[in-house]
Amino acid sequence: MRQERAQITRQRIINAAAEVFDERGFAGTSVSEILARAGVTKGAFYFHFASKEEIAAEIEGYEIRALSGVAATAGPFLQLLIDLSHVMARELRESAMVRASIRLSVESSFSEPQTAPYVAAIGLVRTLLLRAQGEGTVRLDLDVDAAAYLVISSFTGAQIVSQVFTGRSDLERRLVELWTLLLPGLAVPGAADDLRLGTPPGLVGSEAPTAGQSST
């Protein structure tokens, strides 16, 4: 029972830290703000975490760890890759934990770069592209390492610019545009024609265009 309470407290601290990191960034966040948001004592915080840096490391890369099992699921894998980009778009709007993770990763890129989240994301995309090659939907002559790097770079840029201009309210539309431009270089001719480029079933969104349609 004591261990269960400790785990609940630990998660409360992580959730509170994510909210504050999302709002203020790493440099603008203090331990005292995290304590106030979590409603815990300083002793409780330091029982679980040695520093603000340690709890930031716990949060950074959260979204990639949550998606780490998708490569083992059934295909079609090129469609799965597109769908995952929309899952991430939704989580960026709805989850403070994901937003905090992304913000911490982006901020660290300009101070003390933490490459692990990017390496993991690129690795996940690479695995899905290789599996799609096995299905016959991705070109066999594709440099999957370069393509995976490009997909993650493109998504990262798209979500940052969308945040600046619209608070990410147009991110799904920007992802449709992104995939419309990327797929001709990735897919075997004709293989992308019936792919759904927009929000997958089960996620909030309107009708999803396919690769054979133009978005408006």
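Simple spin-label model, 7 Å along Cα-to-Cβ: Gln3 to Ala50 in nm?
2.3
Roughly how many Å² is the accessible area per residue of the chain, as a whole number, for a 1.4 Å probe?
Normalised by residue count, the accessible surface of the chain is 52 Å².
Go through the range 184-190 residue by residue and turn each phi into a ³J(HN,Hα) via Karplus (6.51, -1.76, 1.60, θ = phi - 60°); whole Hz please, and just put x for glycine and proline.
The phi angles translate into x, x, 9, 8, 4, x, x Hz.
For the range 31-137, report the translational diffusion coefficient in µm²/s to the nearest whole number, using Stokes-Einstein at 37 °C, 0.692 mPa s, and a Kirkwood Rh over Cα pairs.
For these conditions, the coefficient is 209 µm²/s.
How big is the range 1-83 by the Kirkwood estimate over distinct Cα pairs, in Å?
Across the range 1-83, the inverse of the average 1/r is 14.5 Å.
Return the distance in nm (one decimal) between the two label points of a simple spin-label model at Val161 and Val31, each offset 7 Å from Cα along Cα→Cβ.
Calculated label separation equals 4.1 nm.
Let's test the formula: R0 of 41 Å, r as the Cβ-Cβ distance of Thr180 and Glu23. What FRET efficiency results, to the nearest 0.05?
Working: r = 34 Å, r/R0 = 0.82.
That gives a FRET efficiency of 0.75.
Given 20 °C and 1.002 mPa s, how large is the Stokes-Einstein diffusion coefficient of the range 156-198 in µm²/s, with Rh as the Kirkwood radius over Cα pairs? Walk me through the numbers before you get to the answer.
On the way: Rh = 11.2 Å.
For these conditions, the coefficient is 191 µm²/s.
Suppose every Lys and Arg Cβ carries +1 and every Asp and Glu Cβ carries -1, with no other charges. What dipole size does the chain come out with about its Cα centre, to the nearest 20 debye?
660
Using modelled backbone amide H atoms (1.01 Å from N, in-plane), which distant-in-sequence or interchain residues come within less than 5 Å of Gln114's amide H?
The list, which skips near neighbours in sequence, is Ser109.
Calculate the tail of P(r) for the range 1-41: the fraction of all Cα-Cα distances greater than 14 Å, expressed in %.
Roughly 45 percent, rounded to a whole number.
For the pair Ala66/Val106, report the inter-label distance in nm, with labels modelled 7 Å from Cα in the Cβ direction.
Modelled inter-label distance: 1.7 nm.
Among 11-21, 26-36, what's the highest-first ranking by average C-beta atoms within 10 angstrom per residue?
11-21, 26-36
Leaving out ligands, DNA and RNA, what percent of the accessible area of the range 1-130 is carbon and sulfur, probe 1.4 Å?
55
Compute the normalised compactness of the range 122-165: alpha-carbon radius of gyration over 2.2 N^0.38 Å, N being the residue count.
1.34
Test of understanding: what is the full-extension gain from Ala57 to Gln11, defined as 0.36 nm times their sequence separation minus their Cα-Cα distance?
On the way: separation 46, 0.36 × 46 = 16.56 nm, distance 1.42 nm.
Stretched out fully, the Ala57 to Gln11 stretch lengthens by 15.1 nm.
Can you tell me the length gained on complete extension of the stretch Val119 to Glu135, counting 0.36 nm per residue apart and subtracting the Cα distance?
Result: 3.3 nm gained on full extension.
The values are calculated or read from the model by the stated rules, or taken from the named source; none is laboratory data. Everything numeric here is computed off the predicted structure, so don't read it as measured data. Note: ideal-geometry Cβ built from the backbone for every residue, glycine included; neighbour counts use all protein chains shown. Each accessible area value is taken on the protein alone, full model and side chains, heavy atoms only, with ligands, DNA and RNA left out. Shrake-Rupley method; radii C 1.70, N 1.55, O 1.52, S 1.80 Å.
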